[in-house]
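Only one structure is covered here, and it is reproduced in the block below.
The values are calculated or read from the model by the stated rules, or taken from the named source; none is laboratory data. Owing to the predicted nature of the structure, the values given are computational and were not obtained by experimental measurement. Cβ atoms come from the backbone with ideal geometry, glycine included; neighbour counts cover every protein chain shown. For the accessible areas, the whole protein counts, side chains as well, though only heavy atoms, and no ligand, DNA or RNA atoms are used. Shrake-Rupley method; radii C 1.70, N 1.55, O 1.52, S 1.80 Å.
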Amino acid sequence: MQADVVITNIGQLLTMNKQGPVRGKDMNELETIENAAVAIQERKVAWIGKTAEAPAAEKTIDAGGKLVTPGLVEPHTHLVFGGSREKEMAMKQAGVPYLEILEKGGGILSTVRATKEAQSGELLEKALFHLDRMAMHGITTVEAKSGYGLDKETELKQLNVVKQANESHPLDIVSTFLGAHAIPPEYKDDPEAFLDSMSDLFAEIREKDLARFVDIFTEKGVFTVDQSRRYLQKAKEHGFGVKIHADEIHPLGGTELAVEMGAISGDHLAVASDEGIRQLADSDTIGVILPGTIFYLGKDSYAPACKMMDQRAALAISTDFNPGSSVTENLQLIMSIAALKLKMTPAEIWHAVTVNAAHAIGEGDNAGTIAVGRRADVVIWDAPNYMYIPYHYGVNHANTVIKNGAVLYERQEIR
Ligand code: NIG
Ligand code: FE
């Protein structure tokens, strides 16, 4: 066999090649291959084995004894938005709660105003910039939500930007419609009517293939469990998979609702009830935990990830990248926060950012693993082993990022 590319001299290879999603204690079982090599042909992984047995190839990449893993999968972002919210930092420091800023017309609603004003081209440029940064940090597949329009026109504008970004950027993007992200001022007294106006878009979004999932922010002062149930039920009738921003700040029972609705994921789950955790662990719904958000909101209500895994839940982790509650594209930083605050082990964390994250966005068959026949999304890390990434925090460890068999990013030396 003559491959297109062969990556040789891999000190430690994580293929993550397991039947996912990986649940509970199994998330702590990680196999590694030492002195490994991976061959790529026609953008796909063609061979995995030991360096000594590697096939010939047109191009050889020497991994220099470093760690190699699948490209990271980022399962929850609010990628497309206008403006930024650095001016709210002082309010946060003064202790004004996140939901109070929203109630005063700031927070999500301030980004909604900026997103309405922005032209599509501007939003696309901004989204591509953030995607570049994600790619530089080792992410090769990403989920992206709308939700900063809260009117028909602007929600569709955001979804169209996601579509254009997917077409023009090498990363693969999975799109989610989050029209039910907040109650816009014009519907303040009639949230039901607002949800009706958003669900009126379902048919068009389906027809134009603008989103695969529908998500809602089930939270005190935003949408109730009953409103969320009715809305998501309609979404399911239109053929969407569903997701919920659940139990982020107040324990309303969003985790239970995610299970009841057969959601592909319940996201946040920071203050999930014991009953919610029990039901989650017994279900096919994946818990997408966002510890960077709890950190960034200055709270200490980290999701009880170990308790969830003890009961056999399948978990993923994510940045929640957005301009308000978690302003980072660096999933590696979130891996460190998961280690330090959720007490997840490095093995659990690697499952949570690869195979399980892929399943949380319906990409279990395409992303999150290195396997023969799969698309070649591979990262070489400036690290000797997988434990090193969560350990050395806050910086970018990506050395070389390969997407669909092509090198997207290589760290440059400046000396
Ligand atoms: O997941 N909680 C709701 N939505 C986002 C935050 C969005 C924003 O503040 O702009 C989240 O935390
Ligand atoms: Fe979010």
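Tell me which of these Gly95 doesn't satisfy, since it passes every other one: (1) on the phi > 0 side of the Ramachandran plot; (2) open to solvent by 60 Å² or more (accessible area, probe 1.4 Å).
(2)
Looking at (1) open to solvent by less than 60 Å² (accessible area, probe 1.4 Å); (2) assigned to a loop (DSSP other than H, G, I, E, B), which is the only condition Gly49 fails?
(2)
For a quick check of your reading of the model, give me the residue pairs whose first member lies in the stretch 199-219 and is among the acidic types (Asp, Glu), whose second is open to solvent by 10 Å² or more (accessible area, probe 1.4 Å) and modelled with pLDDT of 95 or more, with beta-carbon atoms closer than 7 Å and at least 6 apart or on different chains.
Hits for this filter: Glu219/Ile249; Glu219/His250; Glu219/Leu252.
Give the stretch 70-92 a look and list any residue that's assigned to a loop (DSSP other than H, G, I, E, B), more than 10 Å from ligand 1 (Cβ to nearest atom) and either buried (at least 24 other Cβ atoms within 10 Å of the Cβ) or without any contact (Cβ under 8 Å) to a residue 12 or more places away in the chain (or both), or say none.
Gly71, Pro75, Leu79, Val80
From the set of residues in the stretch 296-321 that are more than 14 Å from Pro75 (Cβ to Cβ), touching a helix residue (DSSP H, G or I) at 6+ places or on another chain (Cβ under 8 Å) and within 14 Å of ligand 2 (Cβ to nearest atom), which is modelled with the highest pLDDT?
Top of the filtered list is Ala303.
Collect the residues in the stretch 1-23 that are assigned to a strand (DSSP E or B), touching a helix residue (DSSP H, G or I) at 6+ places or on another chain (Cβ under 9 Å) and open to solvent by 20 Å² or more (accessible area, probe 1.4 Å), keeping them in residue-number order.
Within the stretch 1-23, Thr8, Asn9 meet the criteria.
Say we look at the stretch 272-295 and pick out the residues that are polar (S, T, N, Q) and not in a loop (DSSP other than H, G, I, E, B); which of these is farthest from ligand 2 (Cβ to nearest atom)?
Checking each candidate, the answer is Gln279.
Please enumerate the residues belonging to the stretch 155-176 that are farther than 30 Å from Tyr409 by Cβ and in contact with a Ser or Thr (Cβ under 6 Å, 6 or more places away or on another chain).
Passing the criteria: only Glu155.
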